[in-house]
1. Take peptides 104-111, 202-209, 172-179 and line them up by average Cβ neighbours within 10 Å, highest first, as a rough protection proxy.
2. Need one number: nm distance between label points at residue 308 and residue 334, each 7 Å from Cα along Cα→Cβ, rounded to one decimal.
3. With a 10 Å Cβ neighbour count serving as the proxy for reagent exposure, in which order, fewest first, do 383, 136, 404 appear?
4. Between residue 230 and residue 283, what is the spin-label point distance in nm, taking each point 7 Å from the Cα along the Cα→C-beta axis?
5. Quick check on the exposure proxy: order 231, 215 from fewest to most C-beta atoms within 10 angstrom.
6. To the nearest 0.05, how large is the calculated FRET efficiency for residue 238 and residue 214 if R₀ is 41 Å and r is the Cβ-Cβ distance?
7. Multiply the residue gap between residue 105 and residue 383 by 0.36 nm, knock off their C-alpha separation, and tell me the result in nm, one decimal place.
C-alpha cells in the first residue's frame, strides 16, 4: 500500500474509532472532561450529527484518495507497458481455408491486431446434410492468422451468438493461463481486448475453451495461427491451409421420435436436413464425419488445390480433433520436408510418406511437384475417406516421362473416392 493510501486510511480510522496511539489518547482527555461538564443529552445529539458529517466527509475523501492513487497506478502501469510493446502496429491479414496470408517481410516485432467474432451459422456439412456450426468469423475453420516471433498479438474478441452462450479463445501459441481463454470470455455484446506476446515460433491450433470445451471444439470453433521464426520460412511457390476435424451427429428422425418434438430447423429446409450435434457420440469417440476444412468435399471439384510442375508446395496442416489422431498423407507424393508437430526451429525430417498429427496439434509439410496430374490428400486411417477426409491437388504442366511413364493410358477409378 502506498504512503498516500496509508495516511487516508489512518485518518479515516481515527475519526471513526477514536485515537489509536497513547499520544492521541492523552490529547483527547481534555475534550472528554469538557464534554462531561456540559449537558450530556445535548452534547450527545450534537456530537452524533457532527461525527456523522465528519465521518461522511472523511469517507468521501478516503475513497477519492484511493481512486486517485489507483488511477495513478493504472497510468503508470500503462506507461510502463507502452515502453515494452512494439512501436509498429498493423492490422492482420486474415484468410480462410485453403488460403494463407502472404509471408511477413518485417524484420522487427509489431503489434498485430486481430478481430475474432463468435457466431452460429447453418451451412452444408455434406450433400443433403445441414449443420448448425459454432464459428469464428462465420467460417469453419476460423481465419488463418500469420505473425512473427516477438510480435504482440492484440485480440479484439466479440460475441454475436444470439443464444447467450459465452465463448472465448484459447490459443496454443500464447504463454499464460488458459492460453488467453480466462480473459477473453464474453457473451453477446461483450468486447474483450487483450495483448499476448508471442514467444515461440511454430504453427498452433486455437479454439474456443468455454465450458463444456469439447462441445465448442466439436461444433467448429477452431483455426490455425502461424508464428514465423524471426528469420522467416524458406520461400515456396504455393502455401495452403488445411485443417482436419470431426463432427458428431445424431439421426434427426430418431431425435424427433425420442423427444416427441419436431425440429424447427428442418421445417425451414425441405431439401436438406439439419443434423443435430451429439455429445453422446463425441463421448464414445464415434464421429459420423471426418473432414478437411469443415465440410465434406471442401477440396474437391472447383474447390480443389492447384499448382504447376516445378513449383514447391507448403501445406500448413492442423488437426482440431477433438478426439482422433490424423495420419496425413498425399497419394503420389513424398514430403521433402516435414516440420514434425510444427517445430519450425529444428531441422525438418526428410522424405516422409505419412506424418502423424495429434488432436490439438499441427504440422508443416513441403514437397516439389514434378509430374502433372491429380494428387489426393487423405487421412491414411483409410476408412475415414468415406467419412469425408479426402481432397485433391491438381498439378498442371508438361509430362515427365523420365520420372513417370506408362505405355497404357490411366484407368479411371470410378467410385473409389481417391480420384476425382
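1. Working: 104-111: 14.6, 202-209: 24.8, 172-179: 17.2.
The most tightly packed comes first, giving 202-209, 172-179, 104-111.
2. A separation of 2.7 nm, rounded to one decimal place.
3. Values: 383 9, 136 24, 404 12.
Placing the least packed residue first, the sequence is 383, 404, 136.
4. Between residue 230 and residue 283, the label points sit 5.0 nm apart.
5. Numbers: 231 10, 215 18.
Exposure proxy ranking, most exposed first: 231, 215.
6. Numbers: r = 34 Å, r/R0 = 0.83.
About 0.75, to the nearest 0.05.
7. Stretched out fully, the residue 105 to residue 383 stretch lengthens by 95.9 nm.
Just so you know, all these numbers are worked out from the coordinates, no wet-lab data involved. All values derive from a computational prediction rather than experimental measurement. Please note: Cβ atoms are built from the backbone with ideal geometry, for glycine as well, and neighbour counts cover all protein chains shown.
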